[in-house]
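The values are calculated or read from the model by the stated rules, or taken from the named source; none is laboratory data. Please read these numbers as outputs of a predicted model, since none were measured by experiment. Glycine gets a Cβ as well: all are built from the backbone with ideal geometry, and neighbour counts include every protein chain shown.
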Amino acid sequence: MVTVTAERIGDTWMCQVQVERAGERSRHEVKVTPGDLERWGGGGQVEDLVRRSFEFLLEREPPGSILRRFDLAVIQRYFPEYDRAIRPLSDNRRELKGTIEHIHIAENAGGPPVALDSVEATAGVGLEGDRYARREGTWRDDRSSRDITLIEAEAIESLAREDGISLAPGESRRNITTRGIRLNDLVGKEFWIGGLLARGTKLCEPCEYLQRHTGKQILKPLTHRAGLRADLLSSGRISVGDKIEAKP
């Protein structure tokens, strides 16, 4: 049994949770932000969201192993499947379609991002003129894709709205800024970027280098929403306004 009471304090909710399962009892305090409720609540009440979240956790952990105090968004850090499991069904089923809003490259490691209207992309290499296409970028781990990186415009807007941290176009140092498509859902999937084919390989998490480079505390608020790494499977030209769509 999970019992939840919530109190709104400013722009957040502090939820007191009591859990009883197989004779084991525990108490927890969970912080929920408006962004959490928008992302996972589906227009419902905060108490229902927290209750569903604890039911998710209890399928994986005994009550005594669940943190006593935590922010709701921290669950996805430990359980990446939380996002898909908790997001409203209608949201989970939405079509994976969007558009390119910005294109950026950086010619050198640490160099300033350069905005482009269009760029040539080469399979297995990257974007023409970009430091990673020449294998000169800061991130040189060959175990991770470096062909192309993408980030959602919505994530950048949420960062400004919820955390007061503004990133200018290209400041995230991702190549492609998208709109209208859930990039996390493209991990392990093939998708079209304009007329060329790509495959999502892993989330492009924020790093200490990016935080130092921007001078902004982006590590925690951008965790699991800092974008996508992808391999380019075909070559071609991509342009601002091109569609991004998951391959059927």
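Go through the range 176-205 residue by residue and tally those that are within 15 Å of the chain's Cα centre (by Cα) and part of a loop (DSSP other than H, G, I, E, B). Result for the range 176-205: 6. The listed residues are G124, G110, and the only one of them that is exposed (fewer than 14 other Cβ atoms within 10 Å of the Cβ) and modelled with pLDDT under 85 turns out to be G110.
From the list L183, L197, pick out the single residue that is at pLDDT 85 or above, of a type in the set (A, V, I, L, M, F, W, C), under 20 Å from D163 (Cβ atoms) and in contact with a strand residue (DSSP E or B) (Cβ under 9 Å, 6 or more places away or on another chain).
Working: L197 fails: under 20 Å from D163 (Cβ atoms).
Every option except L183 fails the conditions.
If the condition is being more than 17 Å from I151 (Cβ to Cβ), at pLDDT 80 or above and small (G, A, S), then the range 212-240 contributes S234, S235, G236, S239. Among the residues of the range 139-169, those that are of a type outside the set (A, V, I, L, M, F, W, C), outside any helix (DSSP H, G or I) and either at pLDDT 85 or above or more than 18 Å from G215 (Cα to Cα) (or both) comprise R140, D141, D142, R143, S144, S145, R146, D147, T149, E152, G164, P169.
For T33, the conditions (1) within 23 Å of R225 (Cβ to Cβ); (2) in contact with a Cys (Cβ under 8 Å, 6 or more places away or on another chain); (3) not charged (D, E, K, R) all hold with the exception of (2). Counting only residues that are buried (at least 18 other Cβ atoms within 10 Å of the Cβ), farther than 16 Å from V32 by Cα and among the polar types (S, T, N, Q), how many does the range 51-66 have? The total comes to 0.
Go through the residues of the range 206-222 one by one and say whether even a single one is in a strand (DSSP E or B), touching a Ser or Thr at 6+ places or on another chain (Cβ under 9 Å) and either crowded, with 21+ Cβ neighbours inside 10 Å or not assigned by TED's automatic domain parsing to the domain that holds T33 (or both). Looking for residues that are in a strand (DSSP E or B), touching a Ser or Thr at 6+ places or on another chain (Cβ under 9 Å) and either crowded, with 21+ Cβ neighbours inside 10 Å or not assigned by TED's automatic domain parsing to the domain that holds T33 (or both), one finds none in the range 206-222, hence no.
Among the residues of the range 42-56, how many are within 13 Å of Y82 (Cα to Cα) and either of a type outside the set (D, E) or touching a Leu at 6+ places or on another chain (Cβ under 7 Å) (or both)?
Within the range 42-56, residues that are within 13 Å of Y82 (Cα to Cα) and either of a type outside the set (D, E) or touching a Leu at 6+ places or on another chain (Cβ under 7 Å) (or both) number 6.
Each row is one residue, and each column tells you yes or no for (1) more than 26 Å from E154 (Cβ to Cβ); (2) out of contact with any Ser or Thr (no Cβ under 7 Å at 6 or more places or on another chain); (3) in a helix (DSSP H, G or I).
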{"position": "S26", "(1), (2), (3)": "yes, yes, no"}
{"position": "E38", "(1), (2), (3)": "no, yes, yes"}
{"position": "R51", "(1), (2), (3)": "yes, yes, yes"}
{"position": "L57", "(1), (2), (3)": "yes, yes, yes"}
{"position": "E61", "(1), (2), (3)": "yes, yes, no"}
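Residues in the range 1-35 that are under 25 Å from the mean Cα position of the chain (by Cα), in contact (Cβ under 8 Å) with a residue 40 or more places away in the chain and farther than 15 Å from D48 by Cβ: how many? Let's see the steps before the verdict.
Step one: of the range 1-35, the residues under 25 Å from the mean Cα position of the chain (by Cα) are 11-15, 29-35.
Those still in the list that are in contact (Cβ under 8 Å) with a residue 40 or more places away in the chain too: 29-35.
From what is left, the residues that are farther than 15 Å from D48 by Cβ are 29, 31, 33-35.
Qualifying residue count, the range 1-35: 5.
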